[in-house]
1. Is it the case, given these coordinates, that G136 is of a type outside the set (A, V, I, L, M) and not in a strand (DSSP E or B)?
2. Would you check if there is a residue in the stretch 241-248 being in contact (Cβ under 8 Å) with a residue 60 or more places away in the chain, surrounded by fewer than 15 Cβ atoms within 10 Å (Cβ to Cβ) and either assigned to a loop (DSSP other than H, G, I, E, B) or among the polar types (S, T, N, Q) (or both)?
3. Of all residues in the stretch 228-240, which are in a strand (DSSP E or B) and open to solvent by 30 Å² or more (accessible area, probe 1.4 Å)?
4. Given the condition open to solvent by 40 Å² or more (accessible area, probe 1.4 Å), closer than 17 Å to V268 by Cβ and at pLDDT 95 or above, answer yes or no: does some residue in the stretch 149-160 qualify?
5. Please tell me if S174 is over 19 Å from G250 (Cβ atoms), open to solvent by 20 Å² or more (accessible area, probe 1.4 Å) and of a type in the set (S, T, Y).
6. Does any residue in the stretch 114-137 that is over 29 Å from L154 (Cβ atoms) and surrounded by fewer than 20 Cβ atoms within 10 Å (Cβ to Cβ) come within less than 8 Å, Cβ to Cβ, of a residue that is among the aromatic types (F, W, Y) and modelled with pLDDT of 95 or more six or more places away or on a different chain, and which pairs are these?
7. Considering only residues that are touching a Leu at 6+ places or on another chain (Cβ under 7 Å), closer than 17 Å to G162 by Cα and in a loop (DSSP other than H, G, I, E, B), which ones fall in the stretch 91-121?
8. Out of (1) surrounded by 15 or more Cβ atoms within 10 Å (Cβ to Cβ); (2) without any contact (Cβ under 8 Å) to a residue 60 or more places away in the chain, what's the single condition that is false for F219?
Amino acid sequence: MMLLFAVSTRWSTTSSLTCILGTLVLATFLVDRGVLKLPMPHPAHESYIHRWPKEAPFPSTPPDASMRNSLLQQYAVRVFEGQLHNVETVTVEASTGRLLLPDKWGDVHEALLLANGSYQLNPKPLAQLGPGRVLGSKLDADGNLVMCDVLKGLLRLNTSSGAVQQLASRISASSAEAAGAPIFYANSLDIAANGSIYFSSSSDILPARAAGGLYDTGFAWVLNNFRGLPAGCVLVYHPHTQQTHVVASGFYYADGVALSADASYLLVVETDALRVVKVWLEGDKVSGWCCCSSSSSSSSSSSSSSCMG
């Protein structure tokens, strides 16, 4: 009787495994043919074709030995060790030399420049921003600290009173592209002479809250990288109209941004493409962009000759 039960159990297990395997094979076939659509935690790339197939994947070139040096080891001085936690951006107040330092917990610290050239960290934070993570910051003409927060979008801190204002968390309905869409993963910014704030949105994947309350930008970057889509964009916020518009899109992780002296173009670091891109803001090339530099000389020469709209 026991032998019969053992044989029956083994036969039942084998049949179940065969059934499961057959189901998986059938499901794979149906997904491959596009008959079966499976729900995904994030948008799948499906049959996306890169706009620059010659540049995908982007080859990395190791730095030349002559470019390596020990200048940081010779001249850099560590400050505030053990006092601050993961400060991503540092802003210097030109008139006083004061440092403004947002950390990973949402506290904005200040460090005062002393007469002997050293800095004294104020033990009390200047402000507490709440959930999120600040990746980029810059002072505007009025001395307010404008910040890119991965969760809340574009923020402005009055450095005198400590009052915080959310400038933009969504793209305006008047934008020609992505109207009404939420702003995720705001990263870096620069401010024009007329007050317009240009800033990057690295991805449309929102960084998730990790253990301990930290918002994990690294994991969101990994998910974006694995997906293989150019989901980054550059936005502009106009303080006079309080409108936010898309300037350019289609970047493989839009990162640092810098305006030219005459504000005719914007330089954007496209991290996952290993290059710097020039976005034209004025002139006959406006709304177009082209590659300025790349880690590969062949990639750079092939892409800088033409601009993409």
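1. Working: of a type outside the set (A, V, I, L, M): yes; not in a strand (DSSP E or B): no.
For G136, the condition - of a type outside the set (A, V, I, L, M) and not in a strand (DSSP E or B) - is not met.
2. Here is the first cut: in the stretch 241-248, the ones in contact (Cβ under 8 Å) with a residue 60 or more places away in the chain are 242-246.
If we keep only those that are surrounded by fewer than 15 Cβ atoms within 10 Å (Cβ to Cβ) as well, we get 242.
Keeping just the survivors that are either assigned to a loop (DSSP other than H, G, I, E, B) or among the polar types (S, T, N, Q) (or both) gives 242.
Yes, some residue in the stretch 241-248 is in contact (Cβ under 8 Å) with a residue 60 or more places away in the chain, surrounded by fewer than 15 Cβ atoms within 10 Å (Cβ to Cβ) and either assigned to a loop (DSSP other than H, G, I, E, B) or among the polar types (S, T, N, Q) (or both).
3. Our first condition is that a residue be in a strand (DSSP E or B); within the stretch 228-240, this holds for 232-238.
Of everything in the stretch 228-240, just one residue is in a strand (DSSP E or B) and open to solvent by 30 Å² or more (accessible area, probe 1.4 Å), namely H238.
4. No, the conditions are met nowhere in the stretch 149-160.
5. Details: over 19 Å from G250 (Cβ atoms): yes; open to solvent by 20 Å² or more (accessible area, probe 1.4 Å): yes; of a type in the set (S, T, Y): yes.
So S174 passes the test.
6. Hits for this filter: zero, empty list.
7. The answer is E93, R98, D103, G106.
8. With respect to (1) surrounded by 15 or more Cβ atoms within 10 Å (Cβ to Cβ); (2) without any contact (Cβ under 8 Å) to a residue 60 or more places away in the chain, F219 is out only on (1).
The values are calculated or read from the model by the stated rules, or taken from the named source; none is laboratory data. Bear in mind that the values here come from a model prediction, so they are computed numbers and not experimental data. Every residue, glycine among them, receives a Cβ derived from its backbone with ideal geometry; neighbour counts consider all protein chains shown. To get the accessible areas, we keep the full protein, side chains included, count just its heavy atoms, and leave off ligands, DNA and RNA. Shrake-Rupley method; radii C 1.70, N 1.55, O 1.52, S 1.80 Å.
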